[in-house]
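Trainee: Below is a structure I'd like to ask you about.
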Amino acid sequence: MDPLTNLRVVLVEPANTGNIGAAARVLKNTGISQLVLVNPTDKWDTLRTRWLAHASGEILDSCQIFPDLASAVADTHLVIGTTHRTGRGREVISTPRELIPQIAPLAFHHRIALVFGREKDGLWREELIHCHHLVRFPSAVLYPSFNLSHAVLLLTYEFFQALQEAEPAPPQPLATAEERERLLNHLFGALDIIDFKPHNDDPANFSRVVRRFFNKIQLDKRDIRVIHRVLGQIRKFASRFPHSSSSD
């Protein structure tokens, strides 16, 4: 199998139709065929889009549309987000050249999503939680601002180059993004049942910490089943006792 067929480029709410066409042209030249748009403008497929795509019309023709990032990456096994900012919620950041050689071998047997945010303000915090890795492009300026299609080129070309020499990783039954999300929802639900109180009583920050921890781990389907079983036992045990309210 050509590993490039397992790569999916996801553009979240692209505002400039020209960038969509230019991204399609980049995909054609780097051997990637899957383009996904999350909540694009209704009139994204314009003459300008087609003109900038230049001989990449089949990529636009097969482009998939999703209402949100979670559904766009649900069936993928690894989600790589891009950001030009640092700070809270963006703690684990690599450069493409650091990260891609490590994960390129997975592309032979697993689906990988490469996610790009809005031209104006990138990926929002609620979208970052769906990314297992974050990459930031090195720049000669302190606050880089790459054009969307340029960022797509930088990341996809690094994958194209790395896959020319990569050896396939052994096939693994890795969990999909959707399966990982169901596990996290089960975990947070079980913690709620036992009235777990996070540090500083800040559930949102605790959720980010837990997600960051799980994003460091390659979970396969067996791992998911085991953890679900443990959480099921916790819920079963907790059901034997009345649930205390915070006011008790």
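The values are calculated or read from the model by the stated rules, or taken from the named source; none is laboratory data. Quick caveat: nothing in here was measured; it's all calculated off a predicted structure. Backbone-built Cβ (ideal geometry, glycine too); neighbour counts: all protein chains shown. The area values use the complete protein model at the heavy-atom level, side chains included, leaving out ligands, DNA and RNA. Shrake-Rupley method; radii C 1.70, N 1.55, O 1.52, S 1.80 Å.
Trainee: Output wanted: per-residue J couplings in Hz (rounded whole) for the stretch 69-74, from phi through Karplus 6.51 cos²θ - 1.76 cosθ + 1.60, θ = phi - 60°, x for Gly and Pro.
Mentor: Here the 3J(HN,Hα) series is 5, 4, 6, 5, 10, 3 Hz.
Trainee: Under the rule of at least 5 residues apart or a separate chain, name every residue whose amide H is placed under 5 Å from the amide H of T41.
Mentor: Amide H to amide H, under 5 Å and 5 or more residues apart or across chains, T41 pairs with nothing.
Trainee: Calculate for the chain the 222 nm mean residue ellipticity that helices alone would give, adding -39,500 (n - 2.57) per DSSP H run of length 4 or more and normalising by residue count, nearest 500 deg cm²/dmol. Each step should come with its number before you reach the end.
Mentor: Details: 10 runs with 107 residues, N = 248.
Calculated from helices alone, the mean residue ellipticity at 222 nm is -13000 deg cm²/dmol.
Trainee: Can you give the relative contact order of the chain as a percent, counting alpha carbon pairs under 8 Å and 6+ residues apart?
Mentor: Numbers: 379 pairs, mean separation 55.3, N = 248.
This gives 22 percent for the chain.
Trainee: Mind ordering 169-176, 18-25 by average Cβ neighbours within 10 Å, highest first?
Mentor: Per-residue mean Cβ counts within 10 Å order the peptides as 18-25, 169-176.
Trainee: Can you compute 3J(HN,Hα) from phi for each residue in the stretch 106-115, using the Karplus curve 6.51 cos²θ - 1.76 cosθ + 1.60 with θ = phi - 60°, rounded to whole Hz and x for Gly and Pro?
Mentor: Working through the residues one at a time gives 5, 5, 5, 10, 9, 8, 10, 9, 10, 10 Hz.
Trainee: Would you please name the trypsin sites (Lys or Arg not before Pro) within the stretch 132-223 that are DSSP coil residues with at most 13 other C-beta atoms within 10 Å of their C-beta?
Mentor: Values: sites: R136, R180, R182, R208, R211, R212, K216, K221, R222; in loops: R136, K216.
Here the trypsin sites (Lys or Arg not before Pro) that fit, given the DSSP loop and packing criteria, are K216.
Trainee: Follow-up question, since we're still on this one. Which value, in Å² and to the nearest 10, is the accessible area of L163 when all protein chains are kept and the probe is 1.4 Å?
Mentor: Approximately 20 Å² of L163 is accessible to the 1.4 Å probe.
Trainee: Also: Does the chain classify as rounded, prolate or oblate by the C-alpha gyration tensor (a ≥ b ≥ c root eigenvalues; a/c under 1.5 gives rounded; else a/b over b/c gives prolate, otherwise oblate)?
Mentor: Note, shape of the chain comes out prolate.
Trainee: Roll a 1.4 Å probe over the protein chains and send me the accessible area per residue for the stretch 1-137 in Å².
Mentor: Here the residues of the stretch 1-137 average 44 Å² of exposed surface.
Trainee: Going highest first, how would you order 192-199, 138-145 by mean Cβ packing within 10 Å?
Mentor: Per-residue mean Cβ counts within 10 Å order the peptides as 192-199, 138-145.
Trainee: Now a separate question. I'd like the Karplus ³J(HN,Hα) series for the stretch 6-20: coefficients 6.51, -1.76, 1.60, θ = phi - 60°, whole numbers in Hz, and an x wherever there's a Gly or Pro.
Mentor: Whole-Hz 3J(HN,Hα) from phi for the stretch 6-20: 8, 8, 10, 9, 10, 9, 8, 6, x, 8, 9, 5, x, 5, 5.
Trainee: Using Cα-Cα distances under 8 Å and only pairs 6 or more residues apart, what relative contact order does the stretch 22-137 have, in percent?
Mentor: It comes to 30 percent, rounded to a whole number.
Trainee: Connecting C-alpha atoms closer than 10 Å in a GNM of the chain, tell me which of N200, N16, N147 has the biggest fluctuation.
Mentor: N200
Trainee: Now, a different point. Given a Förster radius of 45 Å and the C-beta distance between I227 and A55 as r, what FRET efficiency does 1/(1 + (r/R0)^6) yield to the nearest 0.05? Before the final figure, lay out each step's value.
Mentor: On the way: r = 47 Å, r/R0 = 1.05.
According to the calculation, E is roughly 0.45.
Trainee: Hey, can you grab everything whose amide H is under 5 Å from the amide H of V135? Only 5+ residues off in sequence or another chain; H modelled, so Pro and N-termini drop out.
Mentor: Those lying under 5 Å, H to H, from V135 are G81, T82, T83, S94.
Trainee: Once you have the Kirkwood Rh of the stretch 21-73 from its Cα pairs, apply Stokes-Einstein at 25 °C and 0.890 mPa s and quote D in µm²/s.
Mentor: 217
Trainee: On to the next question. For the stretch 25-81, give the percent of accessible area contributed by carbon and sulfur heavy atoms, probe 1.4 Å, rounded to a whole number.
Mentor: On the way: 1540 of 2840 Å².
Within the stretch 25-81, the accessible surface is 54 percent carbon and sulfur.
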